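Presented below is the structure to which this report refers.
Values quoted throughout were computed directly from the atomic coordinates according to the rules given, and no laboratory measurement underlies them. Fair warning: this is a prediction, and the values are worked out from it, not measured in the lab. Cβ sites come from the backbone with ideal geometry, for glycine too, and all protein chains shown count toward neighbours.
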Amino acid sequence: MHAATFTELTGPEGIDYQTVPDPEPGPGDAVVDFGCGPGLYAERFADRGLAVTGLDAAETAIEYARDRAIEVGLDVEYRHVDYREWSPKREYDAAILINTDFGTFDPDDRRRILERVRSALAEDGHFAFDVLPVAALAETEWTTDWELRAGDGGFWRPDPYLALSASVTYPEEAVSLDQHLVVEPNGEATMYRFWQQHYTPDSIDALLSECGFDLEGTFPDLQGGSGPSDEDLLGVVGTIAEKS
Ligand SMILES: C[S@@+](CC[C@H](N)C(=O)[O-])C[C@H]1O[C@@H](n2cnc3c(N)ncnc32)[C@H](O)[C@@H]1O
């Protein structure tokens, strides 16, 4: 299956993977979704006749995705696994890892994931994923914000809370950190930290080639956009370099 075909597969909502010409997907092509969550994309692929495996470490996500598949009558293989440790039982035509999760891992894990993806793909397999571009690094190295929620709470809790947020940028390392301290009315405080490694087309190319991939292209998004990357997202499609 060619990267082009992602566009055909994902439909009008959400991601439409970058359009690069050539062969249409055939029913029976196999796709593995690394970090499938509730199965938003796995379902779309399955709905178009592809054999889909969805991998996720969150049991609730996998249970939800399995229930959904039964409800809508789709045949998707959902596996509750840590994909850094996963050993594929078949060869896939394509792999996806969507929602900028790749950049949240530490450097060793990023290599491990690429190694897992590589071992899952057939010789002409494709890997489509997204990362944050260097252009998305905030110019200010330290910004803060806060949010006070009453009643039914908000993003962090279903009950009232105070969230104190700080964003930190490390331009030399092309790394950003978003941290959120969520304080509940009883004084209990929980810290959430989101690290992200940002990339340029050159730096993702370098990593991919170190890990046995050729960069097929980088794109401004995974929604069919073309041209240079915008400031929010870098869509990446890699093809497997010669398989040993
Ligand atoms: C941001 S969500 C994206 C879900 C889905 N790709 C989407 O775009 O709707 C990331 C998902 O990756 C899963 N995940 C993170 N690390 C993982 C790991 N090491 N192994 C398996 N799943 C993982 C999380 O549980 C979560 O469901």
Item to check | the range 100-111 - phi-based ³J(HN,Hα) in whole Hz, Karplus 6.51/-1.76/1.60, Gly and Pro as x | outcome: 6, 5, 3, x, 7, 7, 6, x, 5, 5, 4, 5
Checklist outcome for this item: By Cβ neighbour count within 10 Å, fewest first, THR60, THR104 rank THR60, THR104
Checklist entry - Ranked from highest to lowest mean number of other Cβ atoms within 10 Å per residue, what is the order of the peptides 88-96, 76-84? => result 88-96, 76-84
Checklist entry - How high is the relative contact order of the range 137-197, given as a whole-number percent (alpha carbon pairs under 8 Å, six or more residues apart)? => result 28
Checklist outcome for this item: Kirkwood radius from Cα pairs of the range 137-197 plugged into Stokes-Einstein at 25 °C, 0.890 mPa s, gives D in µm²/s equal to 198
Checklist entry - ILE240's amide H: which non-local residues (gap 5+, or another chain) put their own amide H closer than 5 Å, with H modeled 1.01 Å from N in plane and none for Pro or chain starts? => result GLY125, ASP214
Checklist outcome for this item: Per its Cα gyration tensor (rounded if a/c is under 1.5, else prolate when a/b beats b/c, else oblate), the range 44-125 is best filed as oblate
